[in-house]
Amino acid sequence: MKNTFETLPLPCTIMRGGTSRAIFFRAENLPAARPSIEKILLNVLGSPDVRQINGLGGATPQTSKVAIISASEFEDADVDYLFAQVDITSELIDWGGNCGNISSAVGPYAINEGLVEANLDGSITPVRIHNVNTGKIIVAQVPVIGSRAAVEGTTFIAGVPTPGARIDLDFLKPTGAVSGKVLPTGHLQDEMTLSDGRHIFVSVVDAANPTVFVRAQDINMVGTELPAEIESRPDILRVIEEIRGQAAVWLGLTASADRASAETPGLPKIGFISPATDYTMSSGGKISKNDIDLTVRMFSIRSPHKACQITAGIATGVASLLPGTVVAEMMSLKASASGSTEVRLGHPSGVMQTVVHHIDGKMDQVSKVSVVRTARAIMDGVVHVPKELLAGVK
C-alpha cells in the first residue's frame, strides 16, 4: 500500500539567544499565509503536548519559540524578524510581541546566513533588526570570526552556564511597542478588584512589550520565591493569570479576562516585585541586596520564568524611572544626570542589567535601552514536515 504521509525537508537552524532557544526559518522557505505557517510551527515544535515529544520544542515556554527571518525592505534595517511563541498545551501561536532574548540571536543568524555581510577585518559587525511584531528597531553589535558570528568568549549572562561572545543590543525607542503609549492605561497605577474581593494596585508599562507589575506582598508572596515553589502554588498561578487577564482587557488584547489565556497568552507580560533583598538562586548561589536594585519574578505563558525576559527587563527599567509606578516606589534609584541609568534586576538565575537612555532627563522619553547577551548557533539542518503543509512553497 502506498504511503500517503509523505514528508519534505524544511531548512532550519536551532539557535540559543540569551536564556531562550528558538527554531529559526528563512521566510522564503515558508508559506505566505499566517494560518499555513501556524500549522507548520505546531508540527515542528510538537504542540500540543506537555512534553512536545514529537517535535523540536523543549517543553518550556523559553524553548518553544520560533523566529522567521528575511532581508528587510526598510531603509533603516538589514533584516526583518518575526517572532512566534508556540503554546505547549494548545494549538495556539502568539504573534503579539517580541522576545528580547531571541532578538540577540537574530544578528548572528543573519550573518551566518549571508543576509548581512560580516566585517572581514574581524571588527564588530552591526546588524539592524526590524521586529515585525512591534515595528521597533533593534541594533545588535555582533563579534565575528571570518564570515561567521563568533561564539566563544568570556561574557557570562545569568541563566546560561557557559560564557560566550558578547553581543550588545540596543532596543531603539522601545516605549509604546504594542499600545503606542508608555502608560497604556494613562495612569502610573491602576486599582484592580480580584475575584476574592481584594483590591490591589498595579502598574502597566509598555516598553519592548506591555508588562504588568504587582507588589509581591499584595498577593501574599515574599518576592524571593523560586520557580519550583511558585509552580507548586496553584492559588498564586490563578491570581497571576487573573491579574494578567484584567490588564489584557485594558490593553484591548481581549474582550474578556476569562479569555486572556486562550486568546493572548503571551501578552501582557506579568511579574511580581519586591525591594532589593538577599536571596538564594535556583543554582544555590547567593545574591546580595547590595548588588541589585529590585527583586523580580516574571511569568511566561502561565509559568514562572526561570530567569527574566529581556523585554520584561526593559519594561522594568523604564518603569523604575517613572515616579509613581509600583516599581519606582520599591526602589531608591534616581536617574543619572548623564542620561544613562543602569538598573540591576535580581531574578531566580542571577542579575540582569539594563541601561535606560533617556532624553533631556525626561523619564517618559527613552531613546534606547541597552542590554548584553550571548547567543549560539546550535544546529543547522532540516526538519521533516508533512508535504501538504508546504503546498505552494517554491
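Laboratory data are not the source of any read-out in this text; all were calculated from the coordinates shown. None of the values given here were measured: they were computed from a predicted structure. All Cβ positions, glycine included, derive from the backbone under ideal geometry; neighbour counts span all protein chains shown.
P(r) for the range 190-370, from all Cα pairs and a bin width of 5 Å, is 1, 9, 18, 22, 21, 15, 9, 4, 1, 0 %, short bins first. By the rule of a C-alpha distance below 14 Å, with chain neighbours fewer than 8 residues away ignored, the aspartates and glutamates paired with residue 394 are 28. If one computes the Cα centroid of the range 202-236 and of the range 146-186, what distance in Å separates the two points? A separation of 22 Å, based on Cα centres.
The residue list 300, 383, 69 was ranked by how far each Cα lies along the charge dipole of the chain toward its positive end, using unit charges on Cβ atoms, and 383 comes out on top. By the beta-carbon count within 10 Å of each Cβ, the least crowded to most crowded order of 73, 231, fewest first, is 73, 231. Projected label points at residue 154 and residue 263, each 7 Å from Cα along the beta carbon direction, are separated by 5.3 nanometres. Taking Cα pairs under 8 Å and at least six residues apart, what relative contact order does the chain come out at, in percent? Relative contact order for the chain comes out at 19 percent.
Of all beta bridges that DSSP places with both ends in the chain, some 85 percent have antiparallel geometry. Here the ratio of the Cα radius of gyration of the range 35-75 to 2.2 N^0.38 Å is 1.41. Over all distinct Cα-Cα pairs of the range 1-135, the Kirkwood formula returns a hydrodynamic radius of 15.6 Å. When each of the peptides 160-166, 15-21 is scored by how many other beta carbons lie within 10 Å of its residues on average, the order from highest to lowest is 15-21, 160-166. Taken about its Cα centre, the range 1-66 carries a charge dipole of about 140 debye when Lys and Arg each add +1 at the Cβ and Asp and Glu each add -1 at the Cβ. Relative to one another, the C-alpha centroids of the range 11-41 and the range 343-394 are positioned 15 Å apart. Sorting 113, 229 from the fewest to the most surrounding beta carbons within 10 angstrom yields 229, 113.
Neighbours of residue 14 by Cβ distance under 12 Å: Lys/Arg scored +1, Asp/Glu scored -1, total +3. Note on the chain: helix-only mean residue ellipticity at 222 nm, from DSSP H runs of 4+ residues weighted -39500 (n - 2.57) and normalised by residue number, equals -5000 deg cm²/dmol.
Within the same chain, aspartates and glutamates fewer than 8 places from residue 39 are excluded, and of the rest, those with a Cα less than 12 Å from its Cα are 91, 388.
The charge dipole of the range 190-370, taken about its Cα centre with unit charges on the Cβ of Lys, Arg, Asp and Glu (plus for the first two, minus for the last two), comes to roughly 360 debye. Taken along its principal axes, the alpha carbon cloud of the chain reaches lengths of 64, 53, 41 Å, longest axis first. Working note: Debye formula, equal point scatterers on the alpha-carbon atoms of the range 121-187, no solvent; log10 I(q)/I(0) at q = 0.12, 0.23, 0.26 Å⁻¹ is -0.47, -0.98, -1.07.
With the charge dipole of the range 133-205 set up from +1 on Lys and Arg Cβ and -1 on Asp and Glu Cβ about the Cα centre, the Cα lying farthest toward the positive end among the listed residues 142, 192, 178 is that of 142.
About the centre of its Cα atoms, the range 219-326 shows a dipole size close to 120 debye [charges on the beta carbon of Lys, Arg (+1) and Asp, Glu (-1) only; nearest 20 debye]. Does anyone have the angle between helix 234-250 and the longest principal axis of the chain? Alpha-carbon axes, 0 to 90°, nearest 10? Relative to the chain, helix 234-250 is tipped by roughly 80 degrees.
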